[in-house]
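Chemist: Just dropping this structure here.
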Amino acid sequence: MTQRRQILQWAAAAALPAFGSTQAQNSAFPAKPVRFLVGNTAGSGADVAIRIVARQLQDDWRQPVTVENRTGAGGLVAAEATARSDADGHTLSLSQEGAITIAPALQGKLSFDPLKELAPVVHLADSDYVLVVNAATGWRTIAEMVAAAKKRPGAYSYASAGVGSLHHLAFELLKIERDFFFVHIPYRGGSQAVADVASGQAQAMWVSVTAALPHIQSGRLHALAIGGAQRSPLLPAVPTAQESIPGFRVTSWFALFAPVRTPAPVVERIARDASATLRQPAVLEALRKQGITPVGGTPAQLAQLVRRDYERYARLSDRVKLASD
């Protein structure tokens, strides 16, 4: 079965109504402490977001809710540990596009298949990305950057946090959309990459708003476009990429996934409770201060997001090959 067929079936399954005793299964959850396994380091955007949500869910569920950082393999370690856990909703993975869509689309053989072994629960939040350029370039729009690149092919470079990172793939997608060429300079992390764009070692980068903000405020970087559907409250004067390239989006998403055989009523209960938490004013404010946009929704909506992202990144399979571990 191809990955494309598998992901279509996965999305369809997430949209099916739950069968069985919904009331009985909902009343049994949570019956013990709940764990969120996070593939990011402590203090990262994903880690901060899930800890804010976990505190509120702990009060609502009247059970301990703990966050465990299981780093490694771009989030696959945490995701696989979740897939191997009991399918009762008490162990969930907070995962991002890297483990769930980028690795299956671009990497050869994985130690497990996220699309077959995890069930979508709820899209928690998005982290805005921004396209920045070194201020000395003088570029103020995407069109100006593209025009410069076409005038001097190969003269300019863009930085990323590494091959296969969202920073990397977002720029490759932009190159496809606007048919231009920049040299790719991969780093071993985003912090040094954005610092080198600010100092002029590279000319451009897609990066999280929070990582770019100090350099934008210092005047060393200029923001060309926000990757999300709406302008960022942290950079309200910066247009979205969609304003000049319809349909073009770059966001990093955070979502909860459960072992694939977790009962549908339990999955739906978690999605409803997490979505309700995201609507609370204190939670909204805490997340937005971190440059994170709360989302919420249903398992079916998350499955659709995963399908869309997988298909986007699969377009890059001829350009980007990720090594298998």
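Chemist: Sort out which residues of region 311-325 are modelled with pLDDT of 85 or more and either exposed (fewer than 13 other Cβ atoms within 10 Å of the Cβ) or among the charged types (D, E, K, R) (or both), and write them in order of number.
Modeler: Glu311, Arg312
Chemist: Output the residues belonging to region 231-277 that are hydroxyl-bearing (Ser, Thr, Tyr), buried (at least 19 other Cβ atoms within 10 Å of the Cβ) and at pLDDT 95 or above.
Modeler: Within region 231-277, Thr240, Thr262, Thr277 meet the criteria.
Chemist: From the list Gly154, Gly228, Gly162, exactly one residue is surrounded by fewer than 22 Cβ atoms within 10 Å (Cβ to Cβ), assigned to a loop (DSSP other than H, G, I, E, B), outside the structural domain of Arg308 (by TED's automatic domain parsing) and touching an Asp or Glu at 6+ places or on another chain (Cβ under 8 Å). Which is it?
Modeler: Going through Gly154, Gly228, Gly162 in turn, just one is surrounded by fewer than 22 Cβ atoms within 10 Å (Cβ to Cβ), assigned to a loop (DSSP other than H, G, I, E, B), outside the structural domain of Arg308 (by TED's automatic domain parsing) and touching an Asp or Glu at 6+ places or on another chain (Cβ under 8 Å): Gly228.
Chemist: Follow-up question, since we're still on this one. If you take the residues of region 155-197 that are of a type in the set (S, T, N, Q) and more than 20 Å from Gly75 (Cβ to Cβ), which of them is modelled with the highest pLDDT?
Modeler: Result: Ser157.
Chemist: Answer with yes or no whether Asp128 is in contact with a Gly (Cβ under 7 Å, 6 or more places away or on another chain) and of a type in the set (Asp, Glu).
Modeler: So Asp128 fits the description; yes.
Chemist: While we're here: Quick check: anything in region 71-85 touching a residue at least 40 places away in the same chain (Cβ under 8 Å) and polar (S, T, N, Q)?
Modeler: yes
Chemist: Could I ask something else about it? Kindly indicate which of Ala46, Ala83, Ala79 is out of contact with any helix residue (DSSP H, G or I) (no Cβ under 6 Å at 6 or more places or on another chain), assigned by TED's automatic domain parsing to the domain that holds Pro294, at pLDDT 55 or above and under 25 Å from Pro104 (Cβ atoms).
Modeler: The match here is Ala46.
Chemist: For region 87-118, which positions are surrounded by 23 or more Cβ atoms within 10 Å (Cβ to Cβ) and either of a type in the set (Ser, Thr, Tyr) or over 28 Å from Ser208 (Cβ atoms) (or both)?
Modeler: Residues satisfying the conditions are Gly89, Ser93, Ser95, Thr101.
Chemist: If we scan region 214-223, do we find a residue that is free of Cβ contacts under 8 Å to residues at least 24 places away in the same chain, of a type in the set (Gly, Ala, Ser) and not in a strand (DSSP E or B)?
Modeler: yes
Chemist: Something else now. Please work out which residue is farthest from Pro114 (Cα to Cα), limiting yourself to region 255-310 and to residues that are among the hydroxyl-bearing types (Ser, Thr, Tyr) and in a loop (DSSP other than H, G, I, E, B).
Modeler: By that ranking, first place goes to Thr298.
The values are calculated or read from the model by the stated rules, or taken from the named source; none is laboratory data. All of these numbers come straight from a predicted model, not from anything done at the bench. Glycine also receives a Cβ, built like all others from the backbone with ideal geometry; neighbour counts cover every protein chain displayed.
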